[in-house]
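Asks: I have a structure here, written as structure tokens, and I will follow up with some questions on it.
The values are calculated or read from the model by the stated rules, or taken from the named source; none is laboratory data. Note that the structure is predicted; figures quoted are calculated from it, not measured. Here the Cβ is made from the backbone with ideal geometry for all residues, glycine too, and neighbour counts use every protein chain on show. Side chains are part of the model used for accessible areas, which takes the heavy atoms of the whole protein and leaves out ligands, DNA and RNA. Shrake-Rupley method; radii C 1.70, N 1.55, O 1.52, S 1.80 Å.
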Amino acid sequence: MNTKLFISIVLLSATTFFSCQTNTKNKQMTIDKTSVPAEKLDSLISVMTLDEKLSLIHASSSFTSGGVSRLGIPEIVMSDGPHGVRHEHGRGWYALEDADDKATYLPVGICLSSTWNKALGYDYGVVLGSEAKERGKNVILGPGVNIIRSPLNGRNFEYLSEDPFHAAAMAVGYVKGVQDQGTAACVKHFAANNQETDRHNIDAIVSKRALHEIYFPAFKAAVQDGGAWSIMGAYNKVNGQYTTHHEYLNNVVLKGEWGFDGVVISDWGSVKDTREALLFGTDIEMGTELLKSFSNPDYNDFYLAKHAKKMIEDGTIDESVIDEKVKRVLTLMYRSTALGNHSPGKRNVPEHQQLALKVAQEGLVLLKNDGLLPLDKKAIKTLAVIGHNATRLFAERGGSSQVKPLYEITPLEGIQKLVGDQVEIIFAEGYEPYYDESLFRGYASEVASQSRDNKKSTDLAKTANAKLLQEAIEVARSADAVIFVGGWIHGHDGMPWGEGTYDAEARDKLNLKLLFGQEELIQEINKVNKKTAVVLMGGSNVEMKNWLPETPAYLHAWYPGMEGGTAIAQVLFGDINPSGKLPVTFANSHEDYPSHAVGEFPGNKTVQYTEDIYVGYRYFDSKNIEVVFPFGFGLSYTNFDFSGLKLTQKDKKVFVECTLTNTGNRAGAEVAQVYVHQKVASVDRPVKELKGFEKVTLNPGESTTISIALDESAFSFYHPEKLVWILEPGLFEISVGSASNNLPLKGTVELTQ
Ligand code: GLC
């Protein structure tokens, strides 16, 4: 058969392939996503020119990767972010004015993970996937699943946990929910992207054991259990090589051991080398430092564009390397909405807003309550609501994860909506954020000039705050009860320079000190009013030792999304019984945390993960270090009792059963947590590791049987020298309870093989 004829036949079948997909736009055609027609993809690739192949593996605009119009292959359209579909950028690098891009602003990742509700993770993903589809996006750039190694990381709000098992469990549902809508999830940032300081170049020196036991599991679960269609490389290096094109991370582990057949998408500008990107796993290069201009970008400047073409044409790299990437890209197109064959998405609909509310209701964590809560609106004539964060909007402030919400209910609005018709509410700002050079780690020079120009000086701001403090104290003194709303300010986009520390992308915090005089303000309020509830917003904790002892109640609210104010009010007044549990340890000072105790945060050019696997409670519990609130802790307005532990072994699994009873006088939800400890091991192992959890809701007096199966992975460790997973026979202690420090049920099993 002559070539011309061959190409036309293949082309015909190729265009048939894509045209049959694209012209079913309006049909409810659901294709079998598991059986990607590999042979068709191969025939399609065989008729592509090198330029056409290269156009598929790098950006064609700020948030699209290239297509091949000759063959009916569309671009892939991407969008941030992990908790809502970001502002519309079109093909440019800045948000478009007046675009129709308002979206559901879900509670941030760490709030979702604080629910410990795996099913809710799926529902969360459904909302995100549906809204992305409605906005014409094929890939949503989330979830962020990096382990929380230090409380100072500016992006902790986007992530899920200090524990790999918990992060993995919450990521899987999310990924499935997104992808069942036809939208590709893009799990990020692979891997060990655990700080923002010098994120584009920092080299994380991490043992293979810590990678496999701590930093990989959420990605592995997202791929193997969640079926993730794409993964995002990170900016940083690991053990000397950039993660986006890392031979061990991408080729050996992700695509080798884990069998990942999806697409590795770079972070924006994280590709640093053409040869490495070609050989070590980058499949699509987005955003790049090579762009000479954002206003007039030449996408042929990309590493995986003209620079890659040169290496193919001079024979340095074989074209089959490109073909393999193109096949992954076409596979993602086939699996996702990229080819237009999907049901319509929905955006800003009540059921999405209701889901946002439900996640907030279950993600708020009640950490202290001496009986003040729930507040009785009938017993309160005048309520003081104090604090800048009671009226602050957070949706657009996190950085790339920003969302332009249809609305955002602030705590003050939520309280007014709930009780404003029966209670007189008096608001006092109490403090206002200001620029303070000491708050910026090494950024002082960068921002000082800007802040001096357009922001009042620190002294002036502090004077203003002294006045706000006095006003607030008077309001508190005369009220029947006080709700203080403070914490971090989540500043980034749109934040005028000078509002102090961020708690957002591209910045790490300097410490956990409450900012802008909040600590003194809480102390003064407690002196004049003994009925004070503190609500803190933020992706992490703050120092508590100087105000918590005198504070009757403390609710941590993270950034709880567009219905966050509603949920906060419902919990404070008892309409909702809180059930959130900490996904991270709350210690009093950042210096207490292992990454700081070993002096390795944020490092300098390199950051040594000297603490190795001892992250979070693994460290605090193994070293018996006192913390303020432990991993897995959270209060309820009712009480629960664990009893009747039963451990049985069958088919290489250990079945953990117990009875959970609601012994209080109102319905509520509890999270049964299962921790495992190998009593005698050939290597050092933590005194406990979370290996199972279930959240159940019970009515007063109701009991239920909790049954959690532990497979071999629950008992294994990654051998530091042999570099394989090992399950050693011997005795294992299994503990069950409501928090890492409250495990009333304990038993032992002996594993023989
Ligand atoms: C950012 C973030 C990444 C985001 C991407 C696109 O730098 O690191 O999470 O998805 O760029 O905005």
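Asks: Probe radius 1.4 Å, ligands and nucleic acids ignored: give me the carbon and sulfur share of the accessible area of segment 672-718 as a rounded percent.
Replies: Numbers: 790 of 1820 Å².
In segment 672-718, the share of accessible area belonging to carbon and sulfur is 43 percent.
Asks: Carbon and sulfur atoms: what percent of the 1.4 Å accessible area of segment 204-284 do they account for? Numbers along the way, then the final one.
Replies: Working: 830 of 1920 Å².
Here it works out to 43 percent.
Asks: Do any GluC sites (Glu not before Pro) in segment 235-310 lie in a DSSP loop with no more than 13 other beta carbon atoms within 10 Å, and if so, which?
Replies: Details: sites: Glu247, Glu257, Glu276, Glu285, Glu289; in loops: Glu289.
Answer in residue order: Glu289.
Asks: For segment 49-335, what size does the Cα cloud have along each of its three principal axes, sorted from largest down, in whole Å?
Replies: Cα spread of segment 49-335 along its principal axes, largest to smallest: 53, 47, 32 Å.
Asks: Hey, another quick one. Using a probe radius of 1.4 Å on heavy atoms only, what accessible surface per residue do you get for segment 341-389? Whole Å² is fine. Numbers along the way, then the final one.
Replies: On the way: 1860 Å² over 49 residues.
Averaged over the residues of segment 341-389, the accessible area is 38 Å².
Asks: Roughly speaking, what is the centre-to-centre gap between segment 331-346 and segment 515-543 when only Cα atoms are used, to the nearest Å?
Replies: Each part's Cα centre sits 48 Å from the other's.
Asks: Further question on the same structure: Please state, as a whole number in µm²/s, the translational diffusion coefficient that the Stokes-Einstein equation yields for segment 640-751 at 25 °C and 0.890 mPa s, with Rh defined as the Kirkwood radius across alpha carbon pairs. Numbers along the way, then the final one.
Replies: Numbers: Rh = 14.8 Å.
Taking Rh from Cα pairs, D becomes 166 µm²/s.
Asks: Can you give the convex hull volume of the alpha carbon atoms of segment 36-192 per residue, in Å³? Working shown, then result.
Replies: On the way: hull volume 22.1 nm³, N = 157.
Spelled out: Cα convex hull of segment 36-192, divided by residues, is 141 Å³.
Asks: Leaving out ligands and nucleic acids, note down the accessible area per residue over segment 49-335 with a 1.4 angstrom probe, in whole Å².
Replies: Details: 7530 Å² over 287 residues.
Here the residues of segment 49-335 average 26 Å² of exposed surface.
Asks: Whose amide H sits under 5 Å from the amide H of Ala204, counting only residues 5 or more places off or on another chain, with H placed in the peptide plane?
Replies: Result for Ala204 returns Lys237, Val238, Asn239, Gly240, Val607.
Asks: Radius of gyration and Dmax for segment 115-241's Cα atoms, expressed in Å?
Replies: Here Rg and the maximum Cα pair distance are 14.2, 42 Å.
Asks: What whole-number distance in Å separates the alpha-carbon centres of segment 173-247 and segment 571-645?
Replies: 22 Å
Asks: May I ask you to give the percent of accessible area on segment 298-372 that is carbon plus sulfur, with a probe radius of 1.4 Å?
Replies: 49 percent
Asks: Oh, and also: Which semi-axes, in whole Å and largest first, does the equivalent ellipsoid of the chain have when worked out from the alpha carbon gyration tensor as the square roots of 5 times its eigenvalues?
Replies: 43, 31, 25
Asks: Let me have the 222 nm mean residue ellipticity of the chain computed from DSSP H runs of 4+ only, each contributing -39500 (n - 2.57), with the sum over all residues rounded to the nearest 500.
Replies: It comes out at -7500 deg cm²/dmol, rounded to the nearest 500.
Asks: Moving on to the next point. Could you do me a favour and compute the accessible area per residue for segment 640-751, 1.4 Å probe, result in Å²?
Replies: For segment 640-751, the solvent-accessible area averages 45 Å² per residue.
Asks: Identify the GluC sites (Glu not before Pro) of segment 563-669 meeting these criteria: DSSP loop state and at most 15 other C-beta atoms within 10 Å of the C-beta.
Replies: When the GluC sites (Glu not before Pro) of segment 563-669 are filtered for loop state and at most 15 Cβ neighbours within 10 Å, Glu626 remain.
Asks: Then there's this: So which trypsin sites (Lys or Arg not before Pro) in segment 572-640 end up in coil per DSSP with only 10 or fewer other C-beta atoms within 10 Å?
Replies: Lys605
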